[in-house]
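A.B. asks: The following block contains the structure, expressed as structure tokens.
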Amino acid sequence: MTGERDLDALLKQMKPQMQPGTFVFCTIAADARIPAALNPLLTFREQEGTTLVVLREEAEAAGFDHAFPSCLITLTVHSALDAVGFLAAITARLAAAGISVNAVSAFHHDHLFVPHDRADEAMVLLQNMSGPN
């Protein structure tokens with residue numbers, strides 16, 4: 001199935017869903033193995049180290065320092081990886097409300113990590129941008 005590219009359709013059909021749990025960002029050395037006790041939702045290797053996005057409980061149980069306690073909002077529309085302007089429109093709207101966002105585009109959907117204490121507000125803003133559910 002091909003992802004949607006039309007910006008109007010993407011916005012109308014995005015149907016944001018809040019995922020359970022509080023996620024945090026951790027880092028380990030670039031050449032370190034991911035501890036078996038962790039089940040990262042996301043890993044990203046950078047020159048300075050590997051970023052792990054995990055549930056806060058997992059990070060704390062493993063004794064990891066962490067940052068940015070966040071909620072994960074999935075935009076359930078199947079967006080094309082080459083769609084233009086979708087995340088720009090969303091992040092601009094959240095920025096206008098003073099809500100930071102770390103966006104991740106995966107094969108089928110876009111995902112937003114927003115501050116835990118602003119997640120409900122972010123959901124309302126996203127739902128208002130979207131069409132009736």
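Throughout, read-outs are computed from the coordinates displayed, never taken from laboratory work. Just so we're clear, the structure is a prediction, and the values are computed from it rather than from any experiment. Methodologically, a virtual Cβ is constructed for each residue, glycine included, from the backbone with ideal geometry; neighbour enumeration extends over all protein chains shown.
A.B. asks: In a GNM of the chain with a 10 Å cut-off on Cα contacts, which of R93, R33, R118 has the highest mean-square fluctuation?
C.D. replies: In the Gaussian network model the winner is R33.
A.B. asks: If you rank E4, E46 by fewest surrounding Cβ atoms within 10 Å, what's the result? Don't jump to the answer; show the numbers that get you there.
C.D. replies: Values: E4 18, E46 9.
Least to most surrounded, the residues fall as E46, E4.
A.B. asks: Sort L81, L41 by Cβ crowding within 10 Å, fewest neighbours at the top. Intermediate values should be presented prior to the final figure.
C.D. replies: Working: L81 11, L41 16.
The order, fewest Cβ neighbours first, is L81, L41.
A.B. asks: Could you go through the stretch 94-107 in sequence order and give the Karplus-derived ³J(HN,Hα) for each residue, using 6.51 cos²θ - 1.76 cosθ + 1.60 with θ = phi - 60°, rounded to whole Hz, and x for Gly and Pro?
C.D. replies: Here the 3J(HN,Hα) series is 5, 4, 4, 8, x, 9, 6, 8, 10, 9, 10, 9, 10, 4 Hz.
A.B. asks: Separate question: Tell me, what is a quarter of the convex hull surface for the C-alpha atoms of the stretch 42-116, in nm² with one decimal?
C.D. replies: On the way: hull surface 24.5 nm².
One quarter of the hull surface, i.e. the mean projection, equals 6.1 nm².
A.B. asks: Please identify, among G63, G98, G85, the residue showing maximal mean-square fluctuation in a Gaussian network model of the chain using a 10 angstrom Cα cutoff.
C.D. replies: G63
A.B. asks: If you take every DSSP beta bridge whose two residues both sit in the chain, what share of them, in percent to the nearest 5, is antiparallel?
C.D. replies: On the way: 26 of 27 bridges.
Taking every DSSP beta bridge within the chain, about 95 percent pair in antiparallel fashion.
A.B. asks: Using each residue's phi in the stretch 6-22, evaluate 6.51 cos²θ - 1.76 cosθ + 1.60 at θ = phi - 60° and report the 3J(HN,Hα) Karplus result to the nearest Hz, with x for Gly and Pro.
C.D. replies: Those phi angles translate into 6, 4, 4, 5, 4, 5, 5, 9, 5, 6, x, 10, 7, 8, x, x, 10 Hz.
A.B. asks: If you don't mind, there's one more thing I want to ask. In deg cm²/dmol, rounded to 500, what helix-only [θ] at 222 nm does the chain give when every DSSP H run of at least 4 residues adds -39500 (n - 2.57) and the total is split over its residues?
C.D. replies: Working: 4 runs with 35 residues, N = 133.
That comes out to -7500 deg cm²/dmol.
A.B. asks: How much length is gained if the chain between H108 and V84 is pulled fully straight, taking 0.36 nm per residue apart and subtracting their Cα-Cα distance, in nm to one decimal?
C.D. replies: On the way: separation 24, 0.36 × 24 = 8.64 nm, distance 1.51 nm.
Working it through step by step, the gained length comes to 7.1 nm.
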